[in-house]
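What follows is one structure encoded as structure tokens, with my remarks underneath.
The values are calculated or read from the model by the stated rules, or taken from the named source; none is laboratory data. This is a predicted model, so every value here is computed, not measured. When we count neighbours, we look across all protein chains shown, and the Cβ atoms used for this are built from the backbone with ideal geometry, even at glycine. Quick note on the areas: whole protein, heavy atoms, side chains included, nothing else; ligands and nucleic acids left out. Shrake-Rupley method; radii C 1.70, N 1.55, O 1.52, S 1.80 Å.
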Amino acid sequence: EPEVTQTPSHQVTQMGQEVILRCVPISNHLYFYWYRQILGQKVEFLVSFYNNEISEKSEIFDDQFSVERPDGSNFTLKIRSTKLEDSAMYFCASSVGSLSYEQYFGPGTRLTVT
Amino acid sequence: AQSVTQPDIHITVSEGASLELRCNYSYGATPYLFWYVQSPGQGLQLLLKYFSGDTLVQGIKGFEAEFKRSQSSFNLRKPSVHWSDAAEYFCAVASGGSYIPTFGRGTSLIVHP
């Protein structure tokens with residue numbers, strides 16, 4: 001069964017550094033998403049991406065964040081100048097269509113900012 | 001703004017016992033409702049969803065949920081829990097204006113043998 005994959009599974013970085021989290025969505029999916037979950041808190045939506053552009057983003061997704069689909073398979077989340085409060089689990093998801101279609105989630109990347 | 005409340009942080013049940021996980025939402029119009037499960041080290045998997053129609057929704061792994069508009073609830077149930085059901089369960093709601101779900105904080109299910 002096709003699945004969403006994410007690399008790395010765990011990333012440790014120093015405050016102020018840039019990180020890139022990578023995701024490979026399911027191949028025939030058209031919508032891509034990033035979510036994050038700070039330890040002990042809710043899963044929060046960051047951004048959705050369709051047709052090579054951001055279709056929706058939350059208040060969390062400020063200028064520190066960017067997303068890109070650099071080729072036909074990868075979907076990346078870049079965090080510039082990381083802060084301690086960026087430490088969280090970051091989930092990538094993809095779906096064939098929008099609301100009526102199931103979002104398939106990857107296993108997540110745990111980001112630790114020290 | 002829509003919101004989701006899962007009042008139970010942890011639930012402990014014995015294997016074979018019935019299960020009900022509570023979810024309450026706040027949203028003015030008819031919401032789109034979801035239950036996801038997250039096993040350790042895994043991503044979130046959709047158990048079931050409600051968009052319209054029959055208020056009792058059947059999902060995967062023997063789960064069901066009932067939408068009760070009068071109570072603003074969408075509780076998840078399973079008649080007989082298996083040890084493999086131990087996981088984190090998330091309720092989520094989306095509105096017609098945005099297809100992005102808002103998640104609850106999750107309920108951790110512990111299953112005793």
Confirm whether A:V47 is within 12 Å of chain B (Cβ to nearest Cβ), free of Cβ contacts under 8 Å to residues at least 40 places away in the same chain and within 11 Å of A:C92 (Cβ to Cβ).
yes
Residue pairs meeting the criteria (Cβ under 6 Å; at least 6 apart or on separate chains; first within 7 Å of chain A (Cβ to nearest Cβ), in the stretch B:37-51; second charged (D, E, K, R))
B:L46/A:E102
Breaking point among (1) open to solvent by 70 Å² or more (accessible area, probe 1.4 Å); (2) assigned to a loop (DSSP other than H, G, I, E, B), for A:R22:
(2)
Extreme residue, modelled with the lowest pLDDT, among residues of the stretch B:30-59 that are more than 18 Å from A:V43 (Cα to Cα) and buried (at least 20 other Cβ atoms within 10 Å of the Cβ)
B:P31
Counting only residues in the stretch A:74-114 that are of a type in the set (F, W, Y) and within 18 Å of A:I38 (Cα to Cα), the one nearest to the other protein chains (Cβ to nearest Cβ) is identified as A:F105
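Kindly establish whether B:A29 is of a type in the set (G, A, S) and in a loop (DSSP other than H, G, I, E, B). First the steps, then the outcome.
Numbers: of a type in the set (G, A, S): yes; in a loop (DSSP other than H, G, I, E, B): yes.
Criteria met by B:A29.
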Note on the stretch A:80-114: residues open to solvent by less than 20 Å² (accessible area, probe 1.4 Å), closer than 14 Å to A:P8 by Cα and among the polar types (S, T, N, Q) are A:T109
Considering only the stretch A:65-83, I want to know if a residue exists there that is out of contact with any strand residue (DSSP E or B) (no Cβ under 8 Å at 6 or more places or on another chain) and not small (G, A, S).
yes
Does the stretch B:54-72 contain at least one residue that is touching a residue at least 24 places away in the same chain (Cβ under 8 Å), hydroxyl-bearing (S, T, Y) and closer than 24 Å to A:Q37 by Cα?
no
Output yes when any residue across the stretch A:68-79 is within 13 Å of B:T102 (Cα to Cα) and surrounded by 13 or more Cβ atoms within 10 Å (Cβ to Cβ), and no when none is.
no
Among the listed residues A:E56, A:E44, A:E3, identify the single one that is open to solvent by 90 Å² or more (accessible area, probe 1.4 Å) and out of contact with any Leu (no Cβ under 9 Å at 6 or more places or on another chain).
A:E3
